[in-house]
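Okay, so here's the structure we're looking at.
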Amino acid sequence: MKKDCLKKVESFDKTGFNYTMSLISGKYKLTILYAIYRFKIIRYNQLKKYLEIISHKTLSTTLKELERDNLIIRKEYPQIPPRVEYSLSKRGETLIPILYSMCEWGESEQGLNSK
């Protein structure tokens, strides 16, 4: 039987939920992970164009955080002009089932709310 980590809490800061949220919380982290998953490998400018709602500074900062947490891989090619590509790390790929669950929930709720 699966351990119910949502109910058995000795201290919130020690829960798996809190740890997961510390990695993916932020206005655009899940959106960026979704976009990188969708494209498999994506360059910075493609990502910026796809996520037109995000500023350069926010995108840059968020990508650095995702890379620091080993959720994405940044590959830089030494050429002129510089070329940088992003992809999901193996650790980042383990979050994809969560994204699928969120997508399925959203589609089912959207269907209920549009009637």
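The values are calculated or read from the model by the stated rules, or taken from the named source; none is laboratory data. Everything numeric here is computed off the predicted structure, so don't read it as measured data. As a convention, Cβ positions derive from the backbone with ideal geometry for all residues, glycine included, and neighbour counts pool all protein chains shown.
Data for the structure
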quantity: Candidates ILE72, ILE36, ILE80, ILE42 - the one that is at pLDDT 95 or above and more than 20 Å from LEU23 (Cα to Cα); calculated: ILE42
quantity: Residue match in region 85-97 (condition: in contact (Cβ under 8 Å) with a residue 12 or more places away in the chain, among the β-branched types (Val, Ile, Thr), in contact with a Leu (Cβ under 9 Å, 6 or more places away or on another chain) and in a helix (DSSP H, G or I)); calculated: yes
quantity: All positions within region 76-89 that are over 12 Å from LYS40 (Cα atoms) and touching a Lys or Arg at 6+ places or on another chain (Cβ under 9 Å); calculated: GLU76, TYR77, ARG83, VAL84
quantity: Within region 28-82, considering residues that are touching a strand residue (DSSP E or B) at 6+ places or on another chain (Cβ under 9 Å) and basic (Lys, Arg), the one nearest to LEU95 (Cα to Cα); calculated: LYS40
quantity: Residue count for region 55-84, restricted to those that are free of Cβ contacts under 8 Å to residues at least 24 places away in the same chain, touching a Ser or Thr at 6+ places or on another chain (Cβ under 9 Å) and of a type outside the set (Asp, Glu); calculated: 4
quantity: Filter pass, SER25 being of a type outside the set (Val, Ile, Thr), over 21 Å from GLY92 (Cα atoms), exposed (fewer than 12 other Cβ atoms within 10 Å of the Cβ) and at pLDDT 85 or above; calculated: no
quantity: Selected residue (criterion: nearest to PRO97 (Cα to Cα)) from residues of region 30-65 that are touching a Lys or Arg at 6+ places or on another chain (Cβ under 8 Å) and hydrophobic (A, V, I, L, M, F, W, C); calculated: LEU63
quantity: Residue identified as over 19 Å from CYS103 (Cβ atoms) and charged (D, E, K, R) among LYS14, LYS27; calculated: LYS14
quantity: Single residue of THR31, THR62 found to be out of contact with any Asp or Glu (no Cβ under 7 Å at 6 or more places or on another chain), at pLDDT 95 or above and of a type in the set (Ser, Thr, Tyr); calculated: THR62
quantity: Among (1) touching a residue at least 60 places away in the same chain (Cβ under 8 Å); (2) not in a helix (DSSP H, G or I) - the single one GLU52 does not satisfy; calculated: (1)
